[in-house]
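Okay, structure first, notes after.
The values are calculated or read from the model by the stated rules, or taken from the named source; none is laboratory data. Owing to the predicted nature of the structure, the values given are computational and were not obtained by experimental measurement. Cβ atoms come from the backbone with ideal geometry, glycine included; neighbour counts cover every protein chain shown.
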Amino acid sequence: MKKHKFIIYILAVMFIISLGACSENDEFDPAPDASELGWQATTNLKVMAVPGFEKFIWETDLLLHDQYWVNDELKLNITLNTNEVIENFTKIDIYVVASEKDGYNSSAPFDKNGKLFATISSIPESGVFETVTIEAEDLYELFRTDFSQDRTTVHLLDGDVYEFFWVIHHKDGTTYDSRALAPHPANSWGVTVLYQDYAPPIWNGTFNYVILEVGTDISDWYDLAPGDIGSMSCTLIQPPGTYSVDDFSFLGSGTGTLTHDFLSGLVEAEGYYGEAWEISNVDGASLDIKWTDPVMMDAGYDYQGKARITRTDGNNWPSNIHTVEALKKAMVFTKEQQQQRLEKLNQLLNK
């Protein structure tokens, strides 16, 4: 039975069932057995990506400026689920549809037929296939004459989408063509190409600190004084630059979060109670952090302090590290310098 005939057959059956749904006793007739609708009703292909191989990933190292594939291959576990006898299937054709951002297949008319990517002619009795590997270069070669964007350097581009469909062939000549069905995880499997930046996790680790300044109320309540030492830790929780801080206020307790933009050097840090950091005096392996608690300060308490933290991994801090407050001061200073230079230039011109 051809696919279109199969669909018409299902619609006809549904129509007949709806007409005779109720008997003379207003009782619903039992639903027909799924097997009566054909083998397609109980057959599907389950596709699951192996963890770590779900997408293509191209990475740029922000420190070294190197570019490379983190993952240029997919690994898929495929299972044929069916009530039909496996020997009745002759092959499975795998098709792939490509769509590039602002280019090929990105707008109507959309080509959903795709191109034949592979044919599976040997179907194991268990229906479970060996892990299937898909190389990025294979997809590029398949669509290289269709792509609109320049791909001379990297063959797969950020935003590319590749969707896999399948046609299951029965020995009686009928097929299950998932391309003809509405998009659904049961009918297709898609993958995207991801471009991401790698930033060295420079805040990840344990740092020693020495107290430089401390508010009077904190000194009284926590018995803390300049010269006291301790350690605090930061843990990367979301690459490339979001960290948790275990001792945000250098008081032996209190957590916070920190985000670091590697390119600009901007650090945004906030404690659990809204405490904020201001970074200054970046010098080699050490830098100074002034922290304030606006809630306690507004309540009239001298609740602030300053600490110098030092790296313990043998590395230096990037010289551009700053917080918003420090950046504003640097910008004002730069404008003052520019004004001084203009004044000197005017003096020379007026001589």
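Checked against the criterion of being modelled with pLDDT of 95 or more and either assigned by TED's automatic domain parsing to the domain that holds Phe262 or surrounded by fewer than 14 Cβ atoms within 10 Å (Cβ to Cβ) (or both), region 291-300 has no qualifying residue. Tell me yes or no: at least one residue of region 139-151 is part of a helix (DSSP H, G or I), touching a His at 6+ places or on another chain (Cβ under 8 Å), buried (at least 18 other Cβ atoms within 10 Å of the Cβ) and not charged (D, E, K, R). No, region 139-151 contains no residue that is part of a helix (DSSP H, G or I), touching a His at 6+ places or on another chain (Cβ under 8 Å), buried (at least 18 other Cβ atoms within 10 Å of the Cβ) and not charged (D, E, K, R).
Annotation note: Cβ proximity below 8 Å between a residue of region 311-325 that is loosely packed, with under 12 Cβ neighbours inside 10 Å and a residue that is among the aliphatic types (A, V, I, L, M) and assigned to a loop (DSSP other than H, G, I, E, B) (sequence gap 6+ or interchain) occurs for Gly314/Ala285. Looking across Gly256, Gly241, one residue alone is of a type in the set (Gly, Ala, Ser), more than 17 Å from Glu278 (Cα to Cα), crowded, with 17+ Cβ neighbours inside 10 Å and without any contact (Cβ under 8 Å) to a residue 60 or more places away in the chain. It is Gly241. Can you name the residue in region 185-216 that is assigned to a loop (DSSP other than H, G, I, E, B), in contact with a helix residue (DSSP H, G or I) (Cβ under 9 Å, 6 or more places away or on another chain) and not assigned by TED's automatic domain parsing to the domain that holds Ile237 and is also surrounded by the most Cβ atoms within 10 Å (Cβ to Cβ) among such residues? Once the filter is applied, the top-ranked residue is Ser188.
Looking at this structure, is Asp61 at pLDDT 95 or above and closer than 30 Å to His260 by Cα? In short, no. With respect to the stated conditions, Leu251 fails to be surrounded by 15 or more Cβ atoms within 10 Å (Cβ to Cβ) and either under 23 Å from the mean Cα position of the chain (by Cα) or closer than 19 Å to Asp313 by Cα (or both). One residue stands out among those in region 234-279 that are under 21 Å from Asp197 (Cα atoms) and in a loop (DSSP other than H, G, I, E, B): the one that is modelled with the lowest pLDDT, which is Pro239.
Here is the figure for region 235-261: residues that are of a type in the set (D, E, K, R) and under 20 Å from Gly215 (Cβ atoms) total 1.
Kindly indicate whether any position in region 192-209 is under 21 Å from the mean Cα position of the chain (by Cα), aliphatic (A, V, I, L, M) and more than 23 Å from Trp317 (Cβ to Cβ). Yes - at least one qualifying residue is present in region 192-209. In region 103-117, is there at least one residue being in a strand (DSSP E or B) and surrounded by 17 or more Cβ atoms within 10 Å (Cβ to Cβ)? Yes: region 103-117 contains one or more residues that are in a strand (DSSP E or B) and surrounded by 17 or more Cβ atoms within 10 Å (Cβ to Cβ). The residues on offer are Tyr95, Tyr162, and the sole one that is of a type outside the set (S, T, N, Q), touching a residue at least 40 places away in the same chain (Cβ under 8 Å), touching a Lys or Arg at 6+ places or on another chain (Cβ under 7 Å) and in the same structural domain as Ser188 (by TED's automatic domain parsing) is Tyr95.
Of these, Ser188, Ser233, which one is under 30 Å from Ile168 (Cα atoms) and more than 19 Å from the chain's Cα centre (by Cα)? Steps first, please.
Values: Ser233 fails: under 30 Å from Ile168 (Cα atoms).
Of the residues listed, the single one that is under 30 Å from Ile168 (Cα atoms) and more than 19 Å from the chain's Cα centre (by Cα) is Ser188.
Checked against (1) more than 26 Å from Met296 (Cα to Cα); (2) at pLDDT below 95, Gly215 passes all but condition (1). The residue that is farthest from Thr192 (Cα to Cα), counting only those in region 71-86 that are in contact (Cβ under 8 Å) with a residue 60 or more places away in the chain and outside any loop (DSSP other than H, G, I, E, B), is Leu80.
State all residues of region 217-227 that are assigned to a loop (DSSP other than H, G, I, E, B) and surrounded by fewer than 15 Cβ atoms within 10 Å (Cβ to Cβ); if no residue qualifies, say none. Of everything in region 217-227, those that are assigned to a loop (DSSP other than H, G, I, E, B) and surrounded by fewer than 15 Cβ atoms within 10 Å (Cβ to Cβ) turn out to be Asp223, Ala225, Pro226, Gly227.
The residues of region 165-184 that are out of contact with any Ser or Thr (no Cβ under 9 Å at 6 or more places or on another chain) and either at pLDDT 90 or above or not assigned by TED's automatic domain parsing to the domain that holds Leu116 (or both), listed by number, are Asp172, Gly173, Thr174, Thr175, Asp177.
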